[in-house]
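Report on one structure; see the data block that follows.
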Protein chains: 2
Amino acid sequence: VLFRSPKLVMTTNEYEEFFKLFPPPSSLKDTEERVAAFAKTASEKNRRIVFITSGGTMIPLETNTCRFLDNFSAGTRGSSSAEHFLKLGYAVVFFHRKHSLRPFYRHFSGKLLDLLREGEEKLEIREKELVDLYRRHRQTIHSEALLMIEFVTLSDYLHGLRTFARALCPLGPTVMFYLAAAVSDFYLLPEKISDHKIQSGGGPLEIKLLETPKMLKPLISSWAPKSYMVSFKLETDEALLIAKAKNALEKYHHNVVISNLLDTRGRTVTLVFPDEEKMLRLSDDELHGGMQIEMKIVDTLSELHKAFLSCTV
Amino acid sequence: VLFRSPKLVMTTNEYEEFFKLFPPPSSLKDTEERVAAFAKTASEKNRRIVFITSGGTMIPLETNTCRFLDNFSAGTRGSSSAEHFLKLGYAVVFFHRKHSLRPFYRHFSGKLLDLLREGEEKLEIREKELVDLYRRHRQTIHSEALLMIEFVTLSDYLHGLRTFARALCPLGPTVMFYLAAAVSDFYLLPEKISDHKIQSGGGPLEIKLLETPKMLKPLISSWAPKSYMVSFKLETDEALLIAKAKNALEKYHHNVVISNLLDTRGRTVTLVFPDEEKMLRLSDDELHGGMQIEMKIVDTLSELHKAFLSCTV
């Protein structure tokens, strides 16, 4: 295993230190206004809102980024869930890693040339399923039910999370946070980031990464304290999975942790609540019939969110 | 800047050590046969062959890969160049990072839903340019002029490079190697790769990376010594650019280094030869007219390759 230094003592305001070290992305103010306007429309149309994070965060090792650390995440969970939330009438803010999978687009991405057939002086797609997806996408755009926002780096992600959560805070319990992004647990101090491409020929390279402050804490306690809060745990070691989820719930006091193992995450997840656990699983028939586990997750959460709303409003 | 350890003494067979540390991908033998069959067909059809590498290599930090180090490369240079080589009649082996840009596909990727229009019970694309690209792609597949091979990790890449270069070796000077991939200069020893997801909460994380052996050396001196060899240098610091290219040519004795700066690489490149330099550049008019710098690169290299062939055969 990689070498770990002894744990440093962390201050409670460690995330404020982080925000001081990394300037916000230049587009943040504009995007904040788009989120606020989107929330206003959703509220006027009596829609519940889900703020979905999706994809991995990048840690640049160089300012002119050639090299970077990354977290594996194609964005399947987030983009598939977004489609199902839209189907249930939610307004969706989709805060995602640039170039990761997006709702609707994901069914076409990387294989367009294989889906198209040649007609007379044009290319065509006739599969009913894809025509329907296209129509649902157009309708979603037309009804202003989907707001797409991109991030790349860990710093962009965390700045965005804070700013957009605060913008959604006034809507309180009508907002669900669905934190499916794979956020890096480690970051590199700005002073360690190389201005130019790191040159080879200089021998081994040592990188010392610090632990990312846990943003769930301020998100739940201060940025959006009244919202319904869903976090995710992805592990590769089954022995750790449920215990880590319970631990997170005790620490942050949020609503539910969705736990999954890397290898089986497309088929089985466990919803961990403070007082119980609920496993969701696709049967063989469901799996072969093309059902996605996200349908079950989103259906379940939507009901829980309704109950949450009715006892908090 | 990141901390660098004092340079270790490297053995001349350091790349053999590397291959001992990392097992080959399980598909390697099958892919080797596909390369050999493809080369045979190309040879029978009297086509020159170009072996293009494209995209970045991944360095996993964990066996069940959640976290990894990566090199930024969308694959634009390689995939655009592949299209131009095909236009000039080359047979193209496109050895690329999975999910990076591919010839023809790249014009549709990520924006299919925006390109499609709704017809009667079907979706359509009518833009002549895209219809033409689709046809060229079909024709390419039909005429067996393009072989696509994927890699993900640095180890997969290096195993593939060695094996496929040896498979192409018998064709000697009719083969051009066009090494546009962004190959990691550093790797992590297998014993340091974590079996499971690295847990947070244990303090800072230190990663010690070793220098990747320079595979240009055995490629040029032993795996494919008679082929026309084109390497790339991408830098962010203009002051280093040409000197580093000259240095590589002196060290490896290959044919040409294509030097480019990260910020201007879409518009300006310098072909560095042992005895001269040739700058290729898109004018404003060419740029706005949609010309790609790869057209100029590929046209120039094709002529050089012809001259090389006529004096070596």
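Each value in this text was obtained by applying a stated rule to the coordinates, not by laboratory testing. None of these values were measured; they are calculated from a predicted model. Note that each Cβ is placed from the backbone with ideal geometry, even for glycine, and that neighbours are counted across all protein chains shown.
Scoring B:267-275, A:208-216 by mean Cβ neighbours within 10 Å over their residues and listing the highest first yields A:208-216, B:267-275. Rounded, prolate or oblate: which fits chain A, taking a ≥ b ≥ c as square roots of the Cα gyration tensor eigenvalues, rounded meaning a/c under 1.5, else prolate when a/b beats b/c? Verdict is rounded for chain A.
Both radii come from the Cα set of the stretch B:145-259: Rg as radius of gyration, Rh as Kirkwood radius; their ratio Rg/Rh reads 1.05. Go ahead and set up a Gaussian network model of chain B, Cα springs under 10 Å, then flag whichever of B:Lys226, B:Lys40, B:Lys217 fluctuates most. Its mean-square fluctuation being the largest, the pick is B:Lys40. Peptide A:189-201 shows a mean partner chain C-beta count of 4 within 10 Å per residue C-beta.
Karplus-derived 3J(HN,Hα) values for the stretch A:99-116, using 6.51 cos²θ - 1.76 cosθ + 1.60 with θ = phi - 60°, are 6, 7, 5, 10, x, 6, 4, 4, 6, 10, 5, x, 9, 3, 4, 7, 7, 6 Hz; glycine and proline are entered as x.
Annotation for B:Asp114 and B:Asp299: the two label points, set 7 Å from Cα along the Cα-Cβ direction, are 2.9 nm apart.
Relative contact order, percent, of chain A when contacts are C-alpha pairs under 8 Å separated by at least 6 residues? Once divided by the residue count of chain A, the mean separation gives 19 percent.
Computed over the stretch B:188-244, the Cα gyration tensor eigenvalues convert (square root of 5λ each) into semi-axes of 35, 20, 8 Å, ordered from largest to smallest.
Eigen-decomposition of the gyration tensor built on the alpha-carbon atoms of the protein assembly as shown gives equivalent ellipsoid semi-axes of 44, 31, 22 angstrom, largest listed first.
Distances from A:Lys29 to itself in the other copies, using label points 7 Å out along the Cα-Cβ axis, amount to 6.4 nm in increasing order. Plainly put, the tip 7 Å out from Cα toward Cβ on B:Ile193 is 2.8 nm from that tip on each other copy, the closest given first. Label-to-label distances for B:Asp299 across copies, nearest first, come out at 6.0 nm, using points 7 Å from Cα in the beta-carbon direction. Each of A:Leu146, A:Asn46, A:His107 was scored by the projection of its Cα onto the charge dipole of chain A, and the greatest displacement toward the positive side belongs to A:Asn46; charges sit on the C-beta of Lys, Arg, Asp and Glu.
Taking amide H as placed 1.01 Å from N in the peptide plane, the amide H of B:Arg67 sits under 5 Å from that of A:Phe72, B:Leu61, B:Glu62, each at least 5 places away or on another chain.
What shape does the stretch A:239-313 have by the C-alpha gyration tensor, where a ≥ b ≥ c are the square roots of the eigenvalues, rounded means a/c under 1.5, and otherwise prolate means a/b greater than b/c and oblate the rest? Cα axes put the stretch A:239-313 in the oblate bin. Legend: Rg and Dmax of the stretch B:116-165, from Cα coordinates, 17.8, 51 Å. Which value at 222 nm does chain B reach when only helices count, each DSSP H run of 4 or more adding -39,500 (n - 2.57), with the total divided by all residues and rounded to the nearest 500 deg cm²/dmol? Here the helix-only value at 222 nm equals -11000 deg cm²/dmol.
With distances taken between every two different alpha-carbon atoms, the stretch B:25-172 has a Kirkwood hydrodynamic radius of 16.9 Å. Here the extension length gained between B:Asp284 and B:Ser27 equals 88.0 nm, from 0.36 nm per residue of separation less the Cα-Cα distance.
Sorting B:145-153, A:71-79, A:302-310 by average packing, meaning the other beta carbons within 10 Å per residue, from highest down gives A:71-79, B:145-153, A:302-310. Cross-link pairs exceeding 21 Å in C-alpha to C-alpha distance, out of A:Lys208/B:Lys98; B:Lys45/B:Lys306; A:Lys98/B:Lys87, comprise A:Lys208/B:Lys98; A:Lys98/B:Lys87. Here the stretch A:178-244 and the stretch B:32-49 have alpha carbon centers that stand 47 Å from each other.
Once both labels are modelled 7 Å past Cα along the beta-carbon direction, what's the B:Lys40-B:Met291 spacing in nm? Using points 7 Å along Cα→Cβ, the separation is 4.2 nm. Each DSSP beta bridge with both residues in chain A is either parallel or antiparallel, and the antiparallel ones are about 30%.
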